[in-house]
Structure formats: structure tokens, C-alpha cells
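Reading through the C-alpha cells given below for one structure.
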Amino acid sequence: MDSIVRRILQLSDPEIALSKKVSLSQNELIVNSYRFQFQKPLILAIGKASVKMANFFLSKLNKYESLVVKPRGDNLKLNGNAEVIESSHPYPDESSFEAGKKVREYLLNKEYDLVILLLSGGASSLVEDPIPPKHVYVDIMKKLITSGIGIEEVNIVRKHLSKIKGGRLASLSKSKIVTLVVSDVPGNDLSTVGSGPTHADLSTVHEAREIMRWLNLQGEEYLEETPKKLDNVWEFLILDVSEVLRGLNLENSYILSSEVRGEAKSFGAFLASLMNTQYIPFRRPFTLLFGGEPEVHLSGKVGKGGRNGEVCLSFLEWVRDEKFKLYAIATDGIDGNSDYAGCVVDGKTKLSKLEIRRSLEEHSSYQLLERTKSTVKTGPTGTNVNNIYVLIAP
Ligand SMILES: O=C(O)C(=O)CO
């Protein structure tokens with residue numbers, strides 16, 4: 001594996017991050033100098049990073065009740081005892097509802113004196129107990145997720161259609177909850193990561209309704225208000241994309257944004273425009289670093305593609321300089337509907353403007369990237385701090 005990709009994945013490893021930030025003994029958890037005592041903790045791990053986050057705890061606390069909900073087929077191994085549910089992402093299905101039921105059962109029926117919730121991106125789809133009938137909920141989610149709107153708006157709707165999200169999970173708990181978060185959301189809004197199951201939610205039914213109307217979605221009669229105040233939750237951010245960008249520590253490098261948003265192909269064109277700018281205030285050799293979640297608005301024909309594929313292609317469409325290398329990597333190992341984490345392109349990656357345009361239009365970036373051997377395959381990584389872009393000007 002390329003050394004930069006390897007480094008990105010190491011720095012995104014939630015187990016390593018937990019081992020640096022959390023101190024744990026048989027009856028005490030310390031995070032950011034906050035101390036939480038327990039005799040009988042309940043460990044719930046939900047999201048793409050659930051196995052690795054749980055492993056940190058299970059290696060030390062293995063005789064307690066634990067539930068891990070992870071994406072189906074990620075092949076990650078748990079080092080301890082826990083009930084494991086393999087669930088569905090990015091669209092919820094019956095397994096998500098089974099996981100939602102289990103989470104409720106654990107919180108309502110088990111005995112515990114502290115809940116340790118290990119939360120990461122992906123949780124929104126992996127665990128659900130929906131307010132609408134399941135088929136109605138699944139239909140709304142398919143349309144909502146493919147609409148291309150930002151994750152904050154998607155999750156405002158999710159939170160108001162759920163018995164788990166938007167702080168409701170915390171309302172089910174009989175004890176304090178400590179939530180440790182690996183963020184995949186640009187800006188780290190904790191009410192958005194995994195749809196904030198333990199975060200008092202400031203968004204409203206009114207906003208959710210507006211979003212549904214804007215997207216022409218049926219089902220607004222099922223929207224319900226979320227808790228606006230919770231007093232049993234302590235939340236801590238354990239890892240995010242900024243920390244990974246900082247940790248990369250590449251020579252002469254500059255972090256220009258950890259909150260990339262907007263159209264993926266516009267971001268690619270913007271990166272090219274930086275390379276084309278004559279008086280850019282960086283002296284070669286330099287490296288520019290970005291993190292975030294550019295969006296793809298699907299329309300018409302859809303091939304094998306993803307946001308990172310589109311960033312690479314539109315960069316190639318516009319860049320004039322030949323001395324560059326661009327990495328576009330999804331830290332969860334999955335870019336769009338492809339089985340690639342992303343791509344690496346450089347001055348030798350040759351494609352015509354016309355084929356790039358056609359491919360962007362058909363959202364089939366990986367056909368071209370496979371041909372030019374520009375793909376990066378990692379498999380599911382067991383983490384998710386969103387996407388990282390490394391632009392090297394040698
Ligand atoms: O992926 C999810 O679960 C989100 O909604 C963002 O963290």
C-alpha cells in the first residue's frame with residue numbers, strides 16, 4: 001500500500017485514538033479529566049468504527065454486557081465477548097430495525113450503572129427504530145439519501161422520524177451515558193454524527209417538514225419532536241479529520257480546509273485551479289491538505305462512481321501543470337457505490353476532456369480510473385473520519 005494511504009489509515013484508527021485519549025480501569029473511565037465510576041457498565045458500539053472502538057474496551061472489560069452493531073461484511077474481528085449485529089449501510093433494512101430493537105432492549109432490560117456509547121459514522125443507517133411503518137421509512141430514506149443534500153439536512157429528517165435518534169436513545173437509559181465519538185461530519189456537529197442519538201437536538205419538526213416538502217417526500221405526518229434537553233449525557237470527540245490531517249505531518253504542507261463541502265466535481269476543479277494559479281503563495285515543493293465531504297447529486301444514468309472519483313476526474317479535466325500528485329481517499333474504504341477507497345492521479349494519468357465529461361455526467365468515474373490504474377483499494381477499514389485530499393506539488 002502507498003505510504004501516504006497507509007499513514008492516513010493509521011491516523012484514522014479509532015482504537016489507537018482511544019488508547020491515547022481515554023484511560024480505563026476495572027471501575028473507572030477517565031476522558032478529558034472527567035472521571036466516571038462504574039461497577040457494571042453497558043457497552044454499546046454503533047457505526048463503521050464500532051469493532052475497533054469496542055476492541056479497546058473489550059480487551060479490558062470483557063465480562064460485561066456489550067452490543068456491537070457494524071456494517072455487514074466488513075470482516076473485522078472482535079477481540080472479546082459481545083453480541084454482534086451486522087447491519088445495513090447506506091440504506092436501512094430489516095437488520096437496522098433488528099439492531100434498533102436490540103439497542104432499546106439492552107437499555108430498558110439490562111442491569112447497568114453506566115452506558116458507554118461508542119459512536120461513529122454509519123450509525124444512522126445501521127440502527128433504527130422508525131416512527132413510520134418500516135416500508136414507508138425505507139422509501140423516505142432512499143429518496144433522502146440520494147437527493148444529494150447535506151448530511152445535516154438528511155439527519156434533521158432522520159431524527160424526527162426515529163425513536164432512537166436526536167437524543168431519544170439517551171432518554172431510554174437508566175444511568176449516565178458517556179458517548180465517545182469518531183466524527184465523519186464536516187465541522188463535527190455532534191447532533192449530526194450518527195444522527196445524535198444522545199445529543200439534545202435543537203432542530204425542529206418544522207425544519208424537518210420544510211426539508212421533506214422541498215424534496216417532495218411523503219410521510220411528514222410521522223414527524224415527531226426530539227428532546228431539547230438531556231441531563232444524563234457526557235459526550236467527547238475522540239477523533240476527526242482535522243486530527244488526521246495534522247498528524248500527517250508531511251513536509252512543507254498546509255491544511256487548507258477540514259470542512260470541504262459542495263459539489264465534488266467543483267472541488268476537483270478548484271484544486272486544479274490552485275495548481276494553475278501562477279502566484280499561489282506556496283513555494284514548491286509543497287503539499288496542500290483537505291478533509292471533508294464533497295457531494296454528488298445523482299441524476300440520470302448512474303455507473304460505478306463516488307465523490308473521490310469525481311474529484312480526481314474533474315481535477316484532471318482542468319489541471320494544466322503536469323507536476324502534481326493528488327490523493328482522494330475515503331477513510332472508511334468505500335467511495336460511493338464502488339469497492340474502492342478512492343484514487344491517486346498524477347501528471348502521467350492521461351484522459352481526454354470529452355471522456356472525463358461523459359464519465360462525470362454518468363457518475364461512472366471508476367471506469368476511467370480503473371483503466372488508468374488510478375484506483376486505491378483498501379477494503380472496509382473499520383473507521384470513518386470522512387475523506388482526505390492530499391495535493392502534492394513537487
Ligand atoms: O453516517 C452517519 O451515521 C451519519 O449520519 C453521519 O455520521
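For the residues R168, R104, the requirement of being crowded, with 19+ Cβ neighbours inside 10 Å, in contact with a helix residue (DSSP H, G or I) (Cβ under 9 Å, 6 or more places away or on another chain) and not assigned by the TED database to the domain that holds L298 singles out R168.
Within the stretch 297-338, being of a type in the set (V, I, T) and in contact with a strand residue (DSSP E or B) (Cβ under 8 Å, 6 or more places away or on another chain) holds for V311, I329, T331.
Residues that are part of a loop (DSSP other than H, G, I, E, B), within 13 Å of the ligand (Cβ to nearest atom), touching a Gly at 6+ places or on another chain (Cβ under 9 Å) and under 18 Å from N55 (Cβ atoms) are absent from the stretch 80-95.
Quick one: is G150 away from the ligand (no atom under 13 Å from the Cβ) and closer than 23 Å to V385 by Cα?
Against the criterion (away from the ligand (no atom under 13 Å from the Cβ) and closer than 23 Å to V385 by Cα), G150 does not qualify.
Scanning the stretch 19-60 for residues that are out of contact with any Lys or Arg (no Cβ under 6 Å at 6 or more places or on another chain), assigned to a helix (DSSP H, G or I) and either surrounded by 15 or more Cβ atoms within 10 Å (Cβ to Cβ) or in contact (Cβ under 8 Å) with a residue 12 or more places away in the chain (or both) yields S19, K21, K52, M53, A54, N55, F56, F57, L58.
For the stretch 374-394, filtered to residues that are under 15 Å from E243 (Cβ atoms) and not in a strand (DSSP E or B), the residue that is nearest to the ligand (Cβ to nearest atom) is N384. Screening R261 with (1) on the phi < 0 side of the Ramachandran plot; (2) touching a residue at least 40 places away in the same chain (Cβ under 8 Å); (3) in the same structural domain as T179 (by the TED database) gives one miss only, at (3). For the stretch 45-59, the criterion of being more than 23 Å from D184 (Cβ to Cβ), at pLDDT 95 or above and in the same structural domain as K77 (by the TED database) is met by no residue.
Just one of (1) under 24 Å from the mean Cα position of the chain (by Cα); (2) outside the structural domain of V115 (by the TED database); (3) surrounded by 19 or more Cβ atoms within 10 Å (Cβ to Cβ) fails for I16. It is (3).
From the set of residues in the stretch 61-78 that are surrounded by fewer than 16 Cβ atoms within 10 Å (Cβ to Cβ) and at pLDDT 90 or above, which is farthest from P41 (Cα to Cα)? Of everything passing the filter in the stretch 61-78, R72 is farthest from P41 (Cα to Cα). Only one of the numbered conditions (1) acidic (D, E); (2) crowded, with 22+ Cβ neighbours inside 10 Å; (3) away from the ligand (no atom under 13 Å from the Cβ) is violated by E128, and that is (3). Among the residues of the stretch 97-111, those identified as part of a helix (DSSP H, G or I), in contact (Cβ under 8 Å) with a residue 12 or more places away in the chain and farther than 17 Å from P71 by Cα are R104, Y106, L107, L108.
The values are calculated or read from the model by the stated rules, or taken from the named source; none is laboratory data. This is a predicted model, so every value here is computed, not measured. Counting neighbours? That spans all protein chains shown, and the Cβs are built from the backbone with ideal geometry, glycine included.
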